[in-house]
Amino acid sequence: MQDYTELRELGFRGGLETHQQLATAGKLFCRCATRIRNDEHHQEILRHMRPTLSEFGEYDGTALMEFKTKKQVHYLLYNDSVCTYEMDDTPPFHANPEAINSALQLAMMFNMSLVDELHITRKQYLDGSIPTGFQRTAIVGVNGMIPFLGRELHFIQMSMEEDACREVSDIGHHVIFRTDRLSIPLVEPVTAPELRTPLEMAIAAKLIGETMRSTHLVRRGIGSVRQDVNVSIRGGTRVEIKGVAKIGYIEPLSKTEAYRQKALLDLRHQLKTSDLTADRFKPEFTVLKKIPAAGEGFNPDKLESENHKAAVMILPGFKKFIDWPTQPGLSFLDELRGRIRVIACLEYNPVLTEATKVLRANMNIFPEDAALVFAGPEEDLETTVKEICIRIDEAFQGIPPETRQALPDGNTDFERILPGADRMYPDTDLPPQPIPACTFDKLQKLLPKKPWERRDIYRKLGLSDHLMDRLLNLELCDLYDDLLTSTELKPGPLASLLADRMRGSRRAGKDWMKALDVNGIRDTVIWCCKNGVTTKGAWFVLDWMSENPGCTPEEAFKVVKPA
């Protein structure tokens, strides 16, 4: 197990925002079906996004950043699962009652105080992922708590909101989104920032997922759940790693981010003790008469055919800081690359590179000065140097509050400036929606046992951690509990049949659940038990039945003749 003593001493703190889609038949504010699509789209529309003032007459910083990118947003539409509501051409219906009930039940699972009236608010998103420019969201519960590693893990709130589009591509000033996922209902439980190590972050994510899946109210599969991982250290600030799709990624990403923040704090100290000041760096650049050769990473023919320019920006006295290590294999130069890649939308690699020795000599650049080379349309070059100056100014301050994207190698890259309170404002289309008092009692009676309660029971039955994990992850606890009371099968072999044998058979192409469903599996196991067939024999019977639809347990038994 990883030793996190150093990170504890650095004051590591983490929190999670879990975005989990609900398994509803319809979308949140319209009557379209919830379908994930990969087939050919029917239509395409083009939009441009503009920021709006908050209720206090302020612009959200993230919205202004997105506006600077000058993105042209393309939406791929499906006539049978996207309507005029999603395109902001008609007002919303009241929130989907099925989604409200599911969200309230999930808030109950986290022991939250529930709202008795739903207040819909708007959360600005100018990255194009939502055509309206905002996401409709509402708080359904606050102040939750679950048992966690011998203490309590607290939750600030749970929101119910509509999901965003799926990004297809993002090249230059053009971003393309598929609209199938748009407006699928989801919930977002938010933990307090009290997770103490990267390992605790991963353990908490697993427990949160188990808790929600145990209700059978949420969707499964890639993309149905995404974690926003929040990390800070003492002296730093909250940085959000956006949309982490797998729990296995959370621990290494959290660790890397904590050490990135330490590196940036060390860089701040070195800058503060140097003779440099932030105001020394001006948003100025020199256009090169000749585009650098292909051997230096550029494509001169393509740049010249599109009338683009290559330019150099000189940073006086900054040479020793441009290579300051920040993440494994990355430096402060990569911090600059991430910022201008997103905001200046430079699409030609390298987005930003250091000038070669030949270029430095030709331009008489001093050895202590950094010289950065980049290429693109002239207006993008101006945006580039402005953003470089902004990011260097932030380096003198410490760690900028950012949303960052997870990379496959465990590092992160800039995605956008962390949003502030000005992005939220009341929705003007939907009035408050009261929740009848009888709803809470009715939903409370539908709640299943909670994962930690089930683990206590299963541990007393002698089940291993492996079998408990499988039963919870595969949502088989209700079936297991039912069969445990309706048969004389021993707890261990029964758990192995459902958790291990079923999984192995599915991987071999014999999907019991798809062929028989839960009731079919239950009835077959009960028949086997009544007729003296062991759990191993039941495995063979279920395999045969999954490959021969319509076959009865008795017919399957006669064919496979198990013990």
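Each reported figure results from applying straightforward, stated rules to the coordinates on display, with no laboratory input. For clarity, every value in this text was computed on a predicted model and none was experimentally measured. Every residue, glycine among them, receives a Cβ derived from its backbone with ideal geometry; neighbour counts consider all protein chains shown.
Which residues' amide hydrogens lie under 5 Å from the amide hydrogen of residue 77, considering only partners 5 or more residues apart or on another chain, with H built in the peptide plane?
For residue 77, whose amide H was placed from the backbone, the distant partners under 5 Å are 42, 43, 44, 45.
Based only on the alpha carbon positions, what is the Kirkwood hydrodynamic radius of the range 98-253, in angstrom?
Taking the inverse mean of 1/r over all distinct Cα pairs, the range 98-253 comes out at 16.9 Å.
Counting only residues 5 or more places away or on other chains, whose amide H sits under 5 Å from the amide H of residue 218 once H atoms are built in the peptide plane?
Excluding prolines and chain starts, which carry no amide H, the hits are 23.
Full extension from residue 111 to residue 500: what is 0.36 nm times the residue separation minus their Cα-Cα distance, to one decimal in nm?
Additional length available on full extension: 136.9 nm.
With +1 on each Lys and Arg Cβ and -1 on each Asp and Glu Cβ, and nothing else charged, work out how big the dipole of the chain is about its Cα centre, in Debye to the nearest 20.
Its charge dipole is roughly 1420 debye.
Of 457, 233, how do they rank once you tally other Cβ atoms within 10 Å and put the fewest first?
Exposure proxy ranking, most exposed first: 457, 233.
What angle do you read, to the nearest 10 degrees and between 0 and 90, between the alpha-carbon axis of helix 451-460 and the longest principal axis of the chain?
Rounded to the nearest ten degrees, it is 50.
Roughly how large, in nm² to one decimal, is the mean projection of the convex hull of the alpha-carbon atoms in the range 176-309?
Dividing the Cα hull surface by four gives the mean projection, 14.5 nm².
Grab the other residues whose beta carbon is less than 13 angstrom from that of residue 510, score K and R as +1, D and E as -1, and report the net.
Net of charged neighbours comes to +2.
Please give me the summed charge of the neighbours of residue 242: other residues whose Cβ is under 10 Å from its Cβ, Lys and Arg +1, Asp and Glu -1.
Summing Lys and Arg as +1 and Asp and Glu as -1 gives -2.
Each residue of the range 160-167 in turn: what ³J(HN,Hα) in whole Hz from Karplus with 6.51, -1.76, 1.60 and θ = phi - 60°, glycine and Pro shown as x?
3J(HN,Hα) across the range 160-167, in whole Hz: 10, 8, 8, 6, 9, 5, 9, 6.
From Cα coordinates alone, what are the radius of gyration and Dmax values for the range 252-366 in angstrom?
Over the range 252-366's Cα set, Rg and Dmax evaluate to 16.1, 46 Å.
Once the dipole of the range 473-563 is set up with Lys and Arg at +1 and Asp and Glu at -1 on Cβ about the Cα centre, which of 486, 509, 525 lies farthest towards its positive end?
Of the candidates, 509 comes out farthest on the positive side.
Please name which of 437, 462, 75 has its Cα lying farthest along the dipole of the chain towards the positive end, using unit charges on Cβ (Lys, Arg +1; Asp, Glu -1) and the Cα centre as origin.
Positive-end residue among those listed: 462.
Using only Cα atoms, locate the centre of the range 486-563 and the centre of the range 95-124, then give the distance between them in Å, rounded to an integer.
Each part's Cα centre sits 39 Å from the other's.
Please arrange 389, 528 by counting, for each residue, the other beta carbons lying within 10 Å of its beta carbon, fewest first.
Lowest count first: 389, 528.
Under the √(5λ) rule applied to the eigenvalues of the Cα gyration tensor, what semi-axes describe the equivalent ellipsoid of the chain? Give them in Å, descending.
Semi-axes (√(5λ), whole Å): 50, 27, 25.
Could you please report the charge total around residue 33, scoring K, R as +1 and D, E as -1 over all other residues with beta-carbon less than 9 angstrom from its beta-carbon?
Net of charged neighbours comes to +2.
What Kirkwood hydrodynamic radius do you get for the range 427-505 when you take the inverse of the mean 1/r over all pairs of distinct Cα atoms, in Å?
14.9 Å is the Kirkwood radius here.
Can you tell me how the range 115-204 classifies by the Cα gyration tensor, rounded, prolate or oblate, using a/c under 1.5 as the rounded cut?
Because a/c hits 1.5 or more and a/b fails to exceed b/c, the range 115-204 counts as oblate.
Listing 357, 302 from the residue with the fewest other Cβ atoms within 10 Å to the one with the most, what is the order?
In order of increasing Cβ crowding within 10 Å: 357, 302.
Over the Cα atoms, compute the radius of gyration (one decimal) and Dmax (the largest Cα-Cα distance, rounded to a whole number) for the range 449-560, in Å.
Both quantities, over Cα of the range 449-560: 13.5, 41 Å.
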